[in-house]
Structures are given as C-alpha cells and as structure tokens.
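Report on one structure; see the data block that follows.
The values are calculated or read from the model by the stated rules, or taken from the named source; none is laboratory data. Here the structure is a predicted model, which means the values were calculated and not measured. Reconstructed Cβ throughout: ideal geometry from the backbone, glycine too, with neighbour counts over all protein chains shown. Areas reflect the complete protein model, heavy atoms only, side chains present, ligands, DNA and RNA absent. Shrake-Rupley method; radii C 1.70, N 1.55, O 1.52, S 1.80 Å.
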Amino acid sequence: SLRNQNRVLGIDRDTGDVAWSLDGDDLDDSFRGQHAPLLEDGLVTLFDNLGQETSRVGPWDRASGELVWSHSLDATHGTFGSAERMTSGDLLVTAVGQREDTPGQVQQVTADGDVVWSLEGFQGHWIYRGRPLEDHVTVE
C-alpha cells in the first residue's frame, strides 16, 4: 500500500512485475491515505482515510475497482487504524484516538456494514491494531 500516492499494488514475487494495481484517485469510490490492506478472494480491504474527511473500512474488487461495501467511522483517524478478518467473517476495526476530539474506536462490523458491538473512548491513547481473540475466549 502506497499511502501517500493513494495506490495499492500487488507484486508478482517470481518476476517482480506489478500483477495488479488500484489507483485510489481514478476510482468512482476513491480512497485516500489508505493503509492496512487485507487481501483475500480477489478483494482488497482497506482502512481508508478519505483525504482526512472521515475514516471508513471496506473491500474493493481488485479486477473492477468497485467498492463492495463500506462502514464509516465517526471521525477521521489520521494514519492509524486497521481492519482484521475474524473467523466469523466480520471485521475487527480499530481506529486510534490521536486528538482530544477524536475518540479511539474498536468495532466488530459485519459484511453488511452493521456494527455488532463498539467500544469508544481512549482519547490521547494510541491504539493501532486490534487482534481478534474469538478463538481464545470461551463464553458460557
């Protein structure tokens, strides 16, 4: 992911050639300041800062460049945030609260963009990447 160029590339490890490329400036649903790409099944899931307007997470189809779905966060989170796939198929979205007016957020989000649960707060505390613990926790 080339965050400052608004581009995500896939490189062929054998040849070093660019296998695919998404240019965030040329897509209908553009992305800006993206990071934390998650590659799977022909999709690239990004934490997208939308040019510092607000932050969102969602998968883009690598072949068509179309945004499949997205979930918007309550604020922009600068250059810190991530999305990790859970075994349920949902995403664990983590966004840092780097300013007093921007609370940190940790959310479980479905593929429909619905929030299963949300934890907010953490002003002034830098959380960057949450990790799912669902395989390590038993609820009775």
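In the assembled protein chains, Asp41 presents an accessible area of approximately 150 Å² (probe radius 1.4 Å). Residues whose amide H comes within less than 5 Å of that of Arg7, counting only those at least five positions distant or on another chain, are Leu2, Gly24 (H built at 1.01 Å from N in the peptide plane). Between Glu84 and Thr54, the contour length at 0.36 nm per residue exceeds the alpha carbon distance by 8.9 nm. Here the label points at Leu43 and Asp12, each 7 Å from Cα along the C-beta direction, are separated by 2.7 nm in the simple model. Backbone amide hydrogens, once placed in the peptide plane, bring Val68 within less than 5 Å of Trp60, Asp61, excluding anything fewer than 5 places away on its chain.
Less than 5 angstrom separates the built amide H of Ser55 from those of Leu73, Ala75, Thr76, His77, all sequence-distant by 5 or more or on a different chain.
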